[in-house]
Every structure is written in C-alpha cells, then in structure tokens.
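Have a look at the structure below before the remarks.
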Amino acid sequence: MIHITLPDGSQREFPGPLTVGDVAASIGAGLAKAALGGKVDGRVVDTSFTIERDSQVAIVTAKDPEGLDLIRHSTAHLLAYAVKELFPDAQVTIGPVIENGFYYDFSYKRPFTPEDLQAIEKRMTELAAKDEKVERRVLPRDEAVAHFKSIGEHYKAEIIASIPANEDVSLYREGGFEDLCRGPHVPSTGKLKFFKLMKVAGAYWRGDHRNEMLQRVYGTAWATKDELQGYLTMLEEAEKRDHRKLGRELDLFHIDEHSPGTVFWHPKGWAIWQGVEQYMRNAYRQNGYQEVKGPQLLDQGLWEKTGHWQKYRENMFTTESEKRDYALKPMNCPGHILIYKQGIKSYRDLPLRYGEFGQCHRNEPTGGLHGIMRVRGFTQDDGHIFCTEDQILDECVAFTAQLQAVYADFGFTDIIYKIATRPEARIGSDEIWDKAENACEEALKRAGCDYIISPGDGAFYGPKIEYTLKDAIGRQWQCGTIQIDFSMPERLGAEYVAEDGARHLPVMLHRAVVGSLERFIGILIEQHAGALPVWLAPVQVAVLNITDAQAEYCREIVKTLRNQGLRVDLDLRNEKITYKIREHSLQKLPYILVVGDKEKAAGAVAVRARGNQDLGVMSIDAFVQHIAQAITSKS
C-alpha cells in the first residue's frame, strides 16, 4: 500500500504505484481537470509522474506560483513548436522562464519581422486549441545527441553533448514537436490560453560574443485573461512613464556615447539630484550618522584583503601608476573601515555610524546598461555601522524605522520585506548567526512588518534584510538593505577596546536606503510619471505675464519667490498666454502663476496648479504660505 499525505494533513491509501493525476482524480473531477502538475515531497513534477512510495503530495493548479511557472515554461515550448511549423529551417536552442514570461532563442537565416511574430502567435493559438498531449520520454545521452543531429537540431545536440556521458536526458513531445527539457510541463497544450509575444532581440549563443547572434523571441503568459490584460496595461503605462523618455522631454539628463554607462545631468535633473541628496543628508544627521568621504582609487592589495579582487575583478575598472595597481572602488565599505581604524576605538564609541554619498564604478556589460537605472558610474547613499554583537538588534530596528519614514516621504508606502538567511558556505559560529538572524526577524516584528524568509540567500559573512518597494503601477524595486558582516572588520584589522580592556572585533552593518541615487531618481521619475511632488520638482513655479505691461511686476514676484528658496522660472516671451500655459503644463510644473493687469493692480497672482486646477487669485504672501505647506508636508 502507498500512503499519500495531502497539504491539509489528511491521508489517502492506494494499492500500488499511481500518478499525480490519479491523486488529483481521487480528490475530485474538478481538481483533476485543473491540475497542471504536482509537488511530490516538495519537488514539482508532471501530472504523469509515478509515485511509488509513501509521499507528501500537493496538486499544482494555475492558482499556485508553481502553476504559473509551468504555464510559462510550457508556453516557451509552444512558441518553439509554432516556429518550427512556420519556419522549418529554424533551429531551436534554449527557452527558459523569466520574470513575467519566457523567451526562446532561435537560429534562422533572416531576422524575424513584426509580421512573423503575429503569424507565430496565431499558430501558437491554433496549436493550443488542438489540446495535444504533452508526453515525456527518457533517452541515454548519446542516443539523444544522435536523435537531434538526425533532425538537424545541432544546437540541441551540442547542449546534450555537454552532459556527462553516463546520464540520461528527458525529452518532451507535443504533436509533431519534440524538445530537450528537464520539465515539468502542463499535461496538454490546451492548458495554455493566455499569452502574447512581445518582441525580438539579439542574443549570442551561450552568451559569448564570439558565437553566432541568435534571435531571442520574448513572450508573456498568464493564468487568466484578466491577468494578461492587466500586465499588458501595466506595460503600456510603464512605457508612458519610461524615465529615458521623460528625461528627454523634461530636459533632465542624457547618456552620451563618449562615456557609456554614466550620466550627464542637466540643470533640472541636477536639481532633483540635489533634492534627494540633501534630503538624505538630513536623514543621516537626524539618525546619528557622521558623513565621511573616501577616495575613488584604492590599492589592489586592499581589494585582495577584502576578497573583492578574487571574486569581483572582472567588474572593476583598474589603472596603474608608478608600477602600482589600483582600482576604482565598486563599493565604499573598505574605505570606511580605513577611516574607522584611525585612532583607538572604545566600546563607548559604539555604535559608530558613517554615511557617505560614495561614487562607485562597476564595469557592467554594455548590453545590461539601461538609462540611469543600470549604469557604470553611480553614487550610493552608503552607510556602515560599527557596533557590538549586543547592539545589532537595536541598530536594525532603528534602520527599518528610518527607511520607512524616508520611503513614505518619497511617496512609497507599500514595502516588501525579505530576510536572507545563512548559506551553506559561511564564516562565523552558529551562535553568532543565530543572534544576527534573530535580530533581523525581531527588527521587522517590532516594526509590525510581515516578511518573507529566503533560506540560504544570505552572504557568506552574514544575513541581511532586503527592502523592496512597489511603485504606482505595481512594479517592484529592491532598493534598501541592511547586511550584517562579521568578516570584513577582521580581514582589515578593525578593533575596539571592550569594557574588560581586551580588543574585540566590531560587527559591521552595511546599509543603504535608496541605494544608487541614479537608479532611485529613475524610479522616482517613473513613479510620479515625471510630475514630481512640489518639494522635489526641479522647477516649482513658473511666472507668466500676459502683456509687457506686467513684465517688471513679474520680475519682482520672481525675486520674492527665489528669496524664499523656491525654484522659479520667468517667462516674459511675447506669446499668447494660452500657448505659454500649455508649454509649462507639459513640463509638469506644480504651479503656474499668471499675471495680467488685474493681478498687477491688486498685488496678486492667478494660481494654476498641476492638473489644470484653477486655485483662483492669491496675494504673494498667501501663495508663499500655500506652497510652503505643500513642501513641508511632502505632498
């Protein structure tokens, strides 16, 4: 007899081996119809998987995260199936699941066109409607190599040939198409209903630029029609909010081929930068940080001591002077330890908090660069806390509270919290890891935060909390982090004198709230669709005259507002007032002040707020109070 334990703890008894599909059918016909796969002792498998011993079994449907992965994986195969039907000479390579969808790489004699994509998607829909059974078989490696060579799939043969000779490989067939794959897959193509092909891009075979350029077809797939439509709507909105597009339209910054991966900030963009930096500088002060500044170039020997040279060398920009090798810093932590080591530190000095707007450089691949979101030269709101083991919890609690307040001021209140725990390869005693992991959990509990545990995803030197914010259209951005490090202080010889007079190693907490300022500003631009809140807007007010008779009065207004610390534009052009209002509205300015003869005579201004809101006529003092309140409240 075989005993099957279900997720609710109930057990079912069967006389002999059975499939996951059989288990689903024994529970109910509805579940059997909805089943996409199963989890047997925690492993996701096909519905055709045979259970031969007592096991814990869960049925996977489209409502489960694993079910969505099955749908996307299987839709990638459906894509390859359709391509082979329409373009028999095309060769298939690999087709994995990615965030929100999948892709498949093809080798073909000409580029796929938008019309080709439409035809492929249409053929995918037809093949899905046939509801062909997806069947798995296993072959010895060499037999599988010969099989794919015989049907002209040389890329597949090359992939299989790299597998050890004594291993078997699994193949999945649907209709006339068979593909190499570990699986699992949905039981039939009829389960694949809600998908769309998105675009074609280039990709080198096996990621090596010396190899052939393949065609990568991207697609998305979802469990329901509403989910698919919701995702496509989000993409449309994301395109409107694209920070690269808005950066051009609002004259904020540009990226230049003369310095790829770095940002040329224009006056308006730099005003946003200064707003973020000065806000964070104030947050440093309020939370007990001392601001420091380290050099850009550091000796190779230092990076060898920290371990970065061995593990991170290919991502570092290097140079040489007087037969000595240096690297542009990719992170700020070693420099902060060198500052800490100047002078003897006592337990009374701890916790010691350093903050730096540290400019870093990382040699990112050109293909991975993306506007100001992914760059080679960036500045972090980087901070490091040197503390005792007993102070870890209090520091994590304080940091979480600081981060939540900062995010709220920038307009983000929906935060995802994740704790990454000890990996198998690590340093430090279990006792210290217990204390550090408990501190991460307790810090989030005290803040009233629900959190996710990510087992084994911590760094080798300690666990970490990752803070991911959700933007206005539901996208997720991991920005903040606090990492507990027992390693680097020891590697670089950082110490403090304890109460007993002995020398001890401090714990080093690596922390960042916004992370890369460049990336965070890109997120802010997209979050607010370029219409930044008043306190961050690069131009907060524009003053417009109707005729030349109000020009001098407008200049006086501008002078008054600038004396209040406001960022003001003056527009005295000889253009129709409707034209000038429209132009400044397109620049997403928070306020437009219009001055005609009536306003001049009354010593007032007509106030228009963003979104075509008419706030009526105000005195200058009343407007200053109004905008000051908006700035103070961060509205």
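The values are calculated or read from the model by the stated rules, or taken from the named source; none is laboratory data. Only a predicted model underlies this, so the values are computations on that prediction, with no experimental measurement involved. Virtual Cβ from ideal backbone geometry, glycine too; neighbours counted across all protein chains shown.
Any idea which residue in the range 572-624 is surrounded by the fewest Cβ atoms within 10 Å (Cβ to Cβ), counting only those that are in contact with a strand residue (DSSP E or B) (Cβ under 7 Å, 6 or more places away or on another chain) and on the phi > 0 side of the Ramachandran plot?
The qualifying residue surrounded by the fewest Cβ atoms within 10 Å (Cβ to Cβ) is 616.
Of all residues in the range 356-369 being within 22 Å of residue 207 (Cα to Cα) and in contact (Cβ under 8 Å) with a residue 60 or more places away in the chain, which is farthest from the chain's Cα centre (by Cα)? It would help to see each step written out before you state the result.
Let us first name the residues in the range 356-369 that are within 22 Å of residue 207 (Cα to Cα), namely 362-369.
Subset that is in contact (Cβ under 8 Å) with a residue 60 or more places away in the chain: 364, 366, 369.
On the way: 364: 16, 366: 18, 369: 14 Å.
For the range 356-369, the residue satisfying everything is 366.
Could we say that residue 155 is surrounded by 15 or more Cβ atoms within 10 Å (Cβ to Cβ), of a type outside the set (Lys, Arg), in contact (Cβ under 8 Å) with a residue 12 or more places away in the chain and under 12 Å from residue 93 (Cβ atoms) here?
Yes, satisfied.
So which residues in the range 316-364 are in contact with a Ser or Thr (Cβ under 7 Å, 6 or more places away or on another chain), surrounded by fewer than 18 Cβ atoms within 10 Å (Cβ to Cβ) and part of a helix (DSSP H, G or I)?
347
Picking from 261, 294, 301, 307, which residue would you name as being free of Cβ contacts under 8 Å to residues at least 60 places away in the same chain and either more than 30 Å from residue 490 (Cβ to Cβ) or small (Gly, Ala, Ser) (or both)?
301 is the lone residue from the list that is free of Cβ contacts under 8 Å to residues at least 60 places away in the same chain and either more than 30 Å from residue 490 (Cβ to Cβ) or small (Gly, Ala, Ser) (or both).
What is the residue count in the range 377-396 for residues that are within 24 Å of the chain's Cα centre (by Cα) and either of a type in the set (Ser, Thr, Tyr) or surrounded by fewer than 21 Cβ atoms within 10 Å (Cβ to Cβ) (or both)?
2
Right, residue 582: outside any loop (DSSP other than H, G, I, E, B), of a type in the set (Lys, Arg) and either out of contact with any Gly (no Cβ under 8 Å at 6 or more places or on another chain) or more than 30 Å from residue 474 (Cβ to Cβ) (or both) or not? If you could, list the steps in order and put the result at the bottom.
Working: outside any loop (DSSP other than H, G, I, E, B): yes; of a type in the set (Lys, Arg): yes; either out of contact with any Gly (no Cβ under 8 Å at 6 or more places or on another chain) or more than 30 Å from residue 474 (Cβ to Cβ) (or both): yes.
Judged against the criteria, residue 582 is a match.
Could you grab the pairs with beta carbons closer than 9 Å, sequence gap of 6+ or different chains, first residue in the range 201-221 and within 18 Å of residue 124 (Cα to Cα) and aromatic (Phe, Trp, Tyr), second one part of a loop (DSSP other than H, G, I, E, B) and at pLDDT below 95?
none
Take residues that are charged (D, E, K, R) and tell me which of the helices (runs of 4 or more DSSP H) falling wholly in the range 475-574 contain 3 or more.
In the range 475-574, the matching helices (runs of 4 or more DSSP H) lie at 517-527, 551-563.
Among (1) surrounded by fewer than 17 Cβ atoms within 10 Å (Cβ to Cβ); (2) in a strand (DSSP E or B), which single condition is residue 232 missing?
(2)
In the range 60-74, is there at least one residue being touching a residue at least 40 places away in the same chain (Cβ under 8 Å), among the charged types (D, E, K, R), surrounded by fewer than 19 Cβ atoms within 10 Å (Cβ to Cβ) and not in a helix (DSSP H, G or I)?
Within the range 60-74, the first condition is being touching a residue at least 40 places away in the same chain (Cβ under 8 Å), and the residues that meet it are 62-63, 67-68, 70-74.
Still in the running and among the charged types (D, E, K, R): 63, 72.
Those still in the list that are surrounded by fewer than 19 Cβ atoms within 10 Å (Cβ to Cβ) too: 63.
Subsequent filtering for residues that are not in a helix (DSSP H, G or I) retains 63.
Looking through the range 60-74, at least one residue is touching a residue at least 40 places away in the same chain (Cβ under 8 Å), among the charged types (D, E, K, R), surrounded by fewer than 19 Cβ atoms within 10 Å (Cβ to Cβ) and not in a helix (DSSP H, G or I).
Do any residues in the range 411-430 that are of a type in the set (Ser, Thr, Tyr) have Cβ atoms under 9 Å from those of residues that are exposed (fewer than 13 other Cβ atoms within 10 Å of the Cβ) and in a loop (DSSP other than H, G, I, E, B), where the two are at least six apart or on different chains, and which pairs are they?
417/450; 421/455; 421/456
Could you check the range 205-239 and list, in sequence order, the residues that are of a type in the set (S, T, N, Q) and within 19 Å of residue 102 (Cα to Cα)?
Correct list: 215, 220, 224, 229, 233.
Among the listed residues 199, 225, identify the single one that is basic (Lys, Arg) and touching a helix residue (DSSP H, G or I) at 6+ places or on another chain (Cβ under 9 Å). Working first, answer last.
Values: 225 fails: touching a helix residue (DSSP H, G or I) at 6+ places or on another chain (Cβ under 9 Å).
Exactly one of 199, 225 is basic (Lys, Arg) and touching a helix residue (DSSP H, G or I) at 6+ places or on another chain (Cβ under 9 Å), namely 199.
So that you can scan it fast, the table gives a plain yes or no per residue for (1) in contact with a Gly (Cβ under 7 Å, 6 or more places away or on another chain); (2) closer than 30 Å to residue 344 by Cα; (3) buried (at least 18 other Cβ atoms within 10 Å of the Cβ):
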site	(1), (2), (3)
408	no, no, no
413	no, no, no
418	no, no, yes
427	no, yes, no
448	no, no, no
464	yes, yes, yes
473	no, no, no
478	no, no, no
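Of the conditions (1) in a helix (DSSP H, G or I); (2) in contact (Cβ under 8 Å) with a residue 12 or more places away in the chain, residue 239 fails just one. Which one is it?
Answer for residue 239: the failing condition is (2).
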